[in-house]
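Before any comments, here is the structure.
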Amino acid sequence: MSNSTPTDFMDPSVPDTLPLYKIPIIKATAENFKEYGTIVTDPTAHPVEIVQWPQPDWRPVDSGTGDEGGYAEGTFTFRWQGDILYAENKAVNDQYLLGWSTQPSNASRDQQTAPRDFLNIWHANYHPDGGQLFHPTDCQPFVAALALPGDNVQLEDWVAFYCDGSFGICIHPNVWHEAIAPINEAADFYDKQGRVHGRVSCDFTKEFGHFLSIPLRLPD
C-alpha cells in the first residue's frame with residue numbers, strides 16, 4: 001500500500017467512532033523483550049542499530065558505506081491534553097496526535113472526561129534504517145506497544161510492554177511501534193534513532209476498521 005500523500009499527524013483523518021481492538025499487556029523484562037529489542041539502563045552509551053543501505057541490484061554495497069548517516073538525538077515529549085495524547089519528537093522535528101482515551105467523537109481537548117485506562121491509537125510505524133531508543137528522563141513508568149517485523153502485521157500481533165520507569169528500551173530496526181504511552185499526565189524521554197528516519201506506516205482505521213487499544217495499567 002503506497003502512501004503518496006503526506007499524512008497530517010497532528011490532525012489525522014479518522015472516523016469519529018470505531019471498534020476497539022484491545023491488546024494484552026505484560027511487564028517488560030530482558031527475557032520477554034529480547035525479540036523486540038533491549039532493556040536500556042545507560043541511554044547515552046547504549047548502542048542503537050543502524051541498517052546498511054539495501055543492495056539495489058546484484059552489485060553489493062561497499063563495506064563501510066551506506067550506514068554512515070549517524071544518529072539523531074533529542075527529547076521526545078508526551079503531553080495529555082484532556083482526553084488526547086500529543087507528542088513532539090525534537091530529534092527529528094516532528095509532532096503527532098498519538099491517540100485518545102475514549103472514542104474521538106467523545107474526546108475533549110480542554111478537560112479530561114474519560115479515565116486514562118487505555119490509549120486508542122490510529123497509526124503505527126517502523127524504521128527500516130535503524131532502531132530507536134526511548135529512556136524516561138525522570139524515571140516515570142510507561143507502556144510501549146510493539147509488534148514484530150513484517151509488512152503483513154495484524155492486530156493480534158501486538159503486545160503492550162509495561163515498563164516501571166527504572167529503565168528504557170531500544171527497539172530493533174523494523175519493529176512496529178507508535179512511540180510511547182506515558183502513565184502520568186506528561187513525560188519526557190531521551191530519544192536516539194537513525195538520522196535517515198525512514199518510516200513505513202500502518203493506519204489501523206483504514207486497514208482493519210479498528211483503533212488499536214493499548215492498556216495503560218497492569219491487571220490486578
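A short reminder: the numbers here are calculations on the coordinates, not readings from a lab. Everything quoted here is computed from the prediction, not taken from an experiment. Every residue, glycine among them, receives a Cβ derived from its backbone with ideal geometry; neighbour counts consider all protein chains shown.
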- Viscosity 1.567 mPa s, temperature 4 °C, Stokes-Einstein D of the range 23-154 from Kirkwood C-alpha radius, µm²/s: 73 µm²/s
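Would you please put 110-119, 182-191, 148-157, 127-136 in order of how densely packed they are, using the mean number of other Cβ atoms within 10 angstrom per residue and starting with the highest? Mind showing how you got there, number by number?
Working: 110-119: 14.8, 182-191: 19.3, 148-157: 12.3, 127-136: 23.1.
Per-residue mean Cβ counts within 10 Å order the peptides as 127-136, 182-191, 110-119, 148-157.
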- Message: Treating only the Cβ of Lys, Arg, Asp and Glu as charged (+1, +1, -1, -1), what charge dipole size does the range 110-181 show about its Cα centre? Round to the nearest 20 debye.
- Response: 100 debye
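Assuming R0 = 25 Å, what is the FRET efficiency of Asn106 and Glu207, from their Cβ-Cβ distance, to the nearest 0.05? Don't skip to the end; give the middle numbers.
Numbers: r = 23 Å, r/R0 = 0.93.
It comes to 0.60.
Give, as a single signed number, the net charge of other residues whose beta carbon lies under 14 Å from the beta carbon of Pro54, with Lys and Arg counted +1 and Asp and Glu -1. Show your work: numbers first, answer last.
Values: positive: Arg59; negative: Asp57, Asp62, Asp67, Asp129.
Once all neighbours under 14 Å are counted, the net charge is -3.
Based on a Kirkwood Rh over C-alpha pairs, give the Stokes-Einstein translational diffusion coefficient of the range 1-83 at 37 °C and viscosity 0.692 mPa s in µm²/s. It would help to have the intermediate numbers written out before the result.
Values: Rh = 18.7 Å.
Reported coefficient: 176 µm²/s.
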- Query: Toward the positive end of the charge dipole of the chain, about the Cα centre and with charges on Cβ (Lys, Arg +1; Asp, Glu -1), which of Gln55, Ala144, His172 goes farthest?
  - Reply: Ala144
- Note on the structure: Env charge @ Val143, Cβ radius under 14 Å, K,R +1 / D,E -1, value +1
- Within a Cβ distance under 12 Å of Thr38, other residues only, what is the Lys/Arg minus Asp/Glu net charge? -3
- Expressed as a whole number of Å, what is the distance separating the alpha-carbon centroids of the range 10-42 and the range 57-84? 19 Å
- Item | Total charge dipole magnitude, the chain, about the Cα centre, Cβ charges on Lys, Arg, Asp, Glu only, Debye to nearest 20 | 220 debye
- Query: Setting aside same-chain residues fewer than 8 positions from Lys22, which lysines have a Cα under 26 Å from its Cα?
  - Reply: Lys34, Lys206
- Phi-based couplings in Hz for the range 202-214 (Karplus 6.51, -1.76, 1.60; Gly and Pro marked x): 9, 9, 4, 5, 7, 7, 10, x, 9, 8, 7, 9, 9
- Message: Can you tell me how the range 108-220 classifies by the Cα gyration tensor, rounded, prolate or oblate, using a/c under 1.5 as the rounded cut?
- Response: oblate
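Could you tell me how many cubic angstrom of Cα convex hull volume the range 82-167 has per residue?
On the way: hull volume 11.8 nm³, N = 86.
It is 137 Å³ per residue.
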